[in-house]
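Input: a single structure, listed below in structure tokens.
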Amino acid sequence: MRQDRLIFVGGGVVTAGQLDLALLCDDEGNSVRITVLGPLQGVAGGLAAEIVVDTPFVAGRVDLALWRSRLTSWAEALDRLEASEDIAWLHVQRGPSIYIHLNGERDCPEVVVEDKLISMTTVRVPIDLPSDWVATHRGLLSAVLGAWEGHLSSE
């Protein structure tokens, strides 16, 4: 039997086995979520995660591997977003990439998920984000790091 630690995030309780690293969503039904699922099988210190895109028009998911350096680069991306800069996260590594354009084609933030390696697909999702979304995501990152601190490698 697996026992996970309980963690309080955003008024709810989740287990350390599954935590959101990012939840970018709006009232129009558009969302991009990055969820940490648990330890990455066969990779010491790695975490299995997935990117889930859900809009009224398109939905899909792609696997993502995380370790400490990728989480550190997510923290740096949040710093740049807070400074009103667009970001490209994981774009030079194997696997999917995430781009966040603060002023997208529809005069609101736009999240682009690109999976060149497996599905060869790119999805653009306009999302009207609340003003405190970067602070919220710092909290999500902190919860992930706190839950998995003893497991993460520095790769």
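Does G95 satisfy the condition of being of a type outside the set (D, E) and outside any strand (DSSP E or B)? Criteria met by G95. Taken over region 118-135, the residue count meeting the criterion of being in contact (Cβ under 8 Å) with a residue 40 or more places away in the chain and either among the acidic types (D, E) or open to solvent by 70 Å² or more (accessible area, probe 1.4 Å) (or both) is 2.
This table checks each residue for (1) within 17 Å of V53 (Cα to Cα); (2) touching a strand residue (DSSP E or B) at 6+ places or on another chain (Cβ under 7 Å).
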| residue | (1), (2) |
| --- | --- |
| E76 | no, no |
| E85 | no, no |
| W89 | yes, yes |
| V92 | no, no |
| L102 | no, no |
| R106 | no, yes |
| P109 | yes, yes |
| I118 | yes, yes |
| S131 | no, no |
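If the condition is being aromatic (F, W, Y) and either at pLDDT 95 or above or touching a Ser or Thr at 6+ places or on another chain (Cβ under 9 Å) (or both), then region 21-80 contributes W67, W74.
Take the conditions in contact (Cβ under 8 Å) with a residue 40 or more places away in the chain, under 16 Å from L78 (Cβ atoms) and touching an Asp or Glu at 6+ places or on another chain (Cβ under 7 Å) and apply them to L140. Does it pass? Criteria met by L140. The strands (runs of 3 or more DSSP E) found entirely in region 10-89 that carry 2 or more residues being hydrophobic (A, V, I, L, M, F, W, C) and open to solvent by 10 Å² or more (accessible area, probe 1.4 Å) are 12-15, 19-25, 47-54, 59-66. Each residue in region 25-71 was checked for being polar (S, T, N, Q) and more than 18 Å from I100 (Cα to Cα), and 2 pass. Residues considered: A48, A59, A22. Of these, the only one that is out of contact with any Leu (no Cβ under 8 Å at 6 or more places or on another chain) and of a type outside the set (S, T, Y) is A59.
Results for (1) over 15 Å from the mean Cα position of the chain (by Cα); (2) basic (K, R); (3) at pLDDT 95 or above, shown as yes or no for each residue.
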residue	(1), (2), (3)
V111	no, no, yes
D115	no, no, no
D128	yes, no, no
S131	yes, no, no
A135	no, no, yes
H151	yes, no, no
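Considering each of G95, G146 in turn, give the residue that is of a type in the set (G, A, S), open to solvent by less than 30 Å² (accessible area, probe 1.4 Å) and either touching a residue at least 12 places away in the same chain (Cβ under 8 Å) or more than 14 Å from V32 (Cβ to Cβ) (or both). Residue meeting the stated conditions: G95.
The values are calculated or read from the model by the stated rules, or taken from the named source; none is laboratory data. Treat the numbers as computed from the prediction; the structure is a model and nothing was measured. Here the Cβ is made from the backbone with ideal geometry for all residues, glycine too, and neighbour counts use every protein chain on show. Protein only, heavy atoms only, side chains kept; ligands, DNA and RNA dropped before computing areas. Shrake-Rupley method; radii C 1.70, N 1.55, O 1.52, S 1.80 Å.
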